[in-house]
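Chemist: Structure below; questions to follow.
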Amino acid sequence: MLPLAGVTIVAVEQYGAGPFGTMLLADLGAEVIKIENPADGGEIGRHVGPYYLGPGNSQFYQAFNRNKRSITLNLKHPEGKAVLHDLVRNADAVLDNLRGDLPEKLGLTYEHLKAVNPRIVCAHLSAYGREGPRKAWPGYDYLMQAEAGYLSVTGEPDGPPARFGLSVVDMMTGLMTAFGLVSAVVGARSSGKGSDVDVSLFDTALHNLNYLAAWYLNAGHRQGREPRSAHPSLTPSQLFRTADGWMFIMCNKEKFWPVLCERIGRPEWGSDPRFASFKARLANRAEMTELLDGVLMERTTAEWLELFAGAVPAAPVLDIAQALENPFVRDSDRVADFTGPDGETVVRMLTGPVRIGGETLPTRAAPLMGADTEAVLERIGIGPERLAELRERGAV
């Protein structure tokens with residue numbers, strides 16, 4: 001059995017961060033019941049283009065919602081809220097990624113739901129938290145990167161501020177929320193009492209500053225952009241030119257520098273006083289970079305990687321297509337075909353990064369909106385006639 005088999009999560013989620021977190025939980029066996037409002041076309045991610053499998057079924061949506069179930073439910077409708085309570089009664093957690101003031105208004109907090117299920121965990125993923133002056137502010141990944149300092153350390157020193165090419169804050173916050181949710185569920189199963197769990201995009205972005213924050217808070221150091229995307233102190237740990245492009249070399253331990261020098265045919269540099277330590281190499285980084293460029297540009301990236309053969313930490317600089325066509329990826333289970341409930345719709349996507357020894361992770365494509373409404377509601381005692389009434393009244 002997968003480790004989260006038997007865990008049920010009701011997800012009031014949309015777009016990226018929340019769906020990413022619950023998708024990781026669904027990969028590991030949790031039943032994630034995704035609630036979508038039938039009055040507004042369902043989850044907004046369904047309509048994010050430019051690539052679609054059909055109406056309301058974008059490839060963007062598929063990438064964040066594999067292995068889940070979908071039901072339609074209007075939480076603003078009194079009877080819709082009653083159905084939510086029936087779902088919560090037999091669930092372990094409710095996760096939302098709404099604006100910080102909305103969980104209270106929609107009755108998704110522990111205070112609202114504890115009478116229904118005292119062990120329920122209510123995980124809230126918001127932009128700036130559910131308390132404070134920004135609780136009603138909308139917020140998105142790139143805004144967090146900007147305000148938390150990421151753009152000031154990304155790109156070349158003489159270039160404009162630059163964001164990450166990916167929505168890294170969304171992904172990290174989804175993961176943090178999943179981590180907090182599972183931790184709280186473990187605690188609730190032990191104590192019999194659930195709780196609220198709060199994670200925000202801003203707090204996650206700020207927390208990721210990590211050692212750079214420690215350097216400023218304790219030593220007053222303001223880190224800026226480094227040339228060649230270099231590490232601020234470990235050297236060489238940066239981009240280098242080759243005969244046909246770029247590669248990244250990371251000698252992040254002292255032992256790798258003499259190995260690198262040996263493999264490129266310059267063993268004398270390993271003991272050269274200019275380069276004999278991290279401190280010396282940092283002081284002479286411009287000279288070291290020029291010398292290494294001169295040697296590394298004599299061969300192609302592939303040729304150098306063959307010579308380094310895992311003895312020197314290095315990687316080619318690839319574009320997205322090259323990264324996915326990389327034999328290390330292509331000839332593994334890192335990409336798979338995910339099949340829809342009709343048995344015909346197939347979406348080729350990345351698999352999850354967590355491997356469970358001896359277990360095959362599920363490969364179900366993301367559900368169509370409301371695909372599981374009848375099955376899930378029948379399980380909590382709502383039969384066809386009652387379901388028809390709820391649909392007629394706009395609750396489902």
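The values are calculated or read from the model by the stated rules, or taken from the named source; none is laboratory data. Being a predicted model, the structure only gives us computed values, none of them experimental. Glycine also receives a Cβ, built like all others from the backbone with ideal geometry; neighbour counts cover every protein chain displayed. Areas reflect the complete protein model, heavy atoms only, side chains present, ligands, DNA and RNA absent. Shrake-Rupley method; radii C 1.70, N 1.55, O 1.52, S 1.80 Å.
Chemist: Got a number for residues in region 53-97 being more than 24 Å from THR8 (Cβ to Cβ), more than 22 Å from the chain's Cα centre (by Cα) and of a type in the set (Ser, Thr, Tyr)?
Modeler: So the answer is 0.
Chemist: Quick one: in region 177-207, which of the residues that are touching a residue at least 40 places away in the same chain (Cβ under 8 Å), assigned to a helix (DSSP H, G or I) and open to solvent by 60 Å² or more (accessible area, probe 1.4 Å) is farthest from ARG89 (Cα to Cα)?
Modeler: LEU206
Chemist: Taking the stated definitions as given, is GLU392 exposed (fewer than 11 other Cβ atoms within 10 Å of the Cβ), within 23 Å of ASN90 (Cα to Cα) and more than 27 Å from the chain's Cα centre (by Cα)?
Modeler: No, not satisfied.
Chemist: List pairs: first residue in region 106-119 and farther than 16 Å from GLU131 by Cβ, second residue open to solvent by 70 Å² or more (accessible area, probe 1.4 Å) and assigned to a loop (DSSP other than H, G, I, E, B) anywhere in the structure, Cβ distance under 7 angstrom, at least six positions apart or on different chains.
Modeler: Short answer, once both residue conditions are applied: PRO118/LYS193; ARG119/LYS193.
Chemist: Which pairs have Cβ atoms under 7 Å, sit 6 or more apart or on different chains, and link a residue in region 148-159 that is open to solvent by 50 Å² or more (accessible area, probe 1.4 Å) to one that is in a helix (DSSP H, G or I)?
Modeler: As it stands, the answer is GLU156/PRO227; PRO157/PRO227, since those pairs meet every condition given.
Chemist: Just a yes or no: is a residue in region 338-358 among the hydrophobic types (A, V, I, L, M, F, W, C), under 19 Å from the mean Cα position of the chain (by Cα), modelled with pLDDT under 95 and under 26 Å from GLY54 (Cβ atoms)?
Modeler: no
Chemist: Now a separate question. For region 134-143, does any single residue satisfy the condition of being under 27 Å from ALA205 (Cα atoms), acidic (Asp, Glu) and either open to solvent by 20 Å² or more (accessible area, probe 1.4 Å) or assigned to a loop (DSSP other than H, G, I, E, B) (or both)?
Modeler: No, because not a single residue in region 134-143 is under 27 Å from ALA205 (Cα atoms), acidic (Asp, Glu) and either open to solvent by 20 Å² or more (accessible area, probe 1.4 Å) or assigned to a loop (DSSP other than H, G, I, E, B) (or both).
Chemist: Give me a count of the residues in region 12-42 that are of a type in the set (Gly, Ala, Ser), over 20 Å from LEU113 (Cβ atoms), at pLDDT 95 or above and crowded, with 21+ Cβ neighbours inside 10 Å.
Modeler: Looking only at that region, the number is 3.
Chemist: Would a scan of region 208-231 turn up a residue that is free of Cβ contacts under 8 Å to residues at least 24 places away in the same chain, touching a helix residue (DSSP H, G or I) at 6+ places or on another chain (Cβ under 9 Å) and open to solvent by 40 Å² or more (accessible area, probe 1.4 Å)?
Modeler: Yes, the conditions are met somewhere in region 208-231.
Chemist: Evaluate region 150-172: report whether one residue or more is more than 27 Å from LEU98 (Cα to Cα), among the polar types (S, T, N, Q) and in a loop (DSSP other than H, G, I, E, B).
Modeler: yes
Chemist: Would you mind listing the strands (runs of 3 or more DSSP E) fully within region 1-105 where at least 1 residues are over 17 Å from ASP372 (Cα atoms)?
Modeler: Filter on region 1-105 gives 52-54, 93-96.
Chemist: Restricting to region 1-11, name every residue that is surrounded by fewer than 24 Cβ atoms within 10 Å (Cβ to Cβ) and either of a type in the set (Asp, Glu) or in contact with a Gly (Cβ under 9 Å, 6 or more places away or on another chain) (or both).
Modeler: Those that are surrounded by fewer than 24 Cβ atoms within 10 Å (Cβ to Cβ) and either of a type in the set (Asp, Glu) or in contact with a Gly (Cβ under 9 Å, 6 or more places away or on another chain) (or both): MET1, LEU2, PRO3, LEU4, ALA5, GLY6, VAL7.
Chemist: Here's something else I'd like to know. Could you tell me which numbered condition ALA115 fails, if it satisfies all but one of (1) open to solvent by 60 Å² or more (accessible area, probe 1.4 Å); (2) assigned to a strand (DSSP E or B)?
Modeler: (2)
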